[in-house]
Amino acid sequence: MKTFKENDIVIYTDNNGNRFDTFVIFDTNTKTGLTHINHYNLRVSTNALELHPSALTGTPMPMSDMLSFNLFNKLKEKYTKIDQKKKKISTSLVLYREVNSPELLHKAS
């Protein structure tokens, strides 16, 4: 399986054949095979990605200046918070379902 690491500059090709220059926010998840990219905060198959030619020459884009570096860090922090919030909500739902399951309610009466 092809993998991409954090900060890699990639070209994302969507289902309509449109190509977008973007960058990897988090590395490729080896369990799911999906890579988290900046373009619409998507998690996409590595088949839809290719390494950007400028990344091969040693001049990758978003880290070439301080503004880009700061932008990347703010985006990464934002997506980390979003992911943590989703995990917290899903954990809460599981706990709610377990506490309010019919079996437990029946045993309590």
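The values are calculated or read from the model by the stated rules, or taken from the named source; none is laboratory data. Just so we're clear, the structure is a prediction, and the values are computed from it rather than from any experiment. Reconstructed Cβ throughout: ideal geometry from the backbone, glycine too, with neighbour counts over all protein chains shown.
State whether one or more residues within the stretch 26-37 are loosely packed, with under 12 Cβ neighbours inside 10 Å, at pLDDT 85 or above, basic (Lys, Arg) and not in a strand (DSSP E or B).
Within the stretch 26-37, the first condition is being loosely packed, with under 12 Cβ neighbours inside 10 Å, and the residues that meet it are 30-32.
After this cut, where a residue has to be at pLDDT 85 or above as well, the list is 30-32.
If we keep only those that are basic (Lys, Arg) as well, we get 31.
Pick out the ones that are also not in a strand (DSSP E or B) and you get 31.
Within the stretch 26-37, one or more residues are loosely packed, with under 12 Cβ neighbours inside 10 Å, at pLDDT 85 or above, basic (Lys, Arg) and not in a strand (DSSP E or B).
Taking only pairs six or more apart or across chains, which ones have beta-carbon atoms under 8 Å, a first residue in the stretch 36-47 that is closer than 11 Å to Phe4 by Cα, and a second residue that is at pLDDT 90 or above and basic (Lys, Arg)?
His36/Arg43; Ile37/Arg43
Assess whether Lys31 counts as being on the phi < 0 side of the Ramachandran plot and in contact (Cβ under 8 Å) with a residue 40 or more places away in the chain.
no
Name the pairs whose Cβ atoms lie under 6 Å apart, with the first residue in the stretch 65-82 and farther than 14 Å from His36 by Cα and of a type in the set (Ser, Thr, Tyr), the second at pLDDT 75 or above and part of a helix (DSSP H, G or I), and 6 or more positions between them or separate chains?
The qualifying pairs do not exist here.
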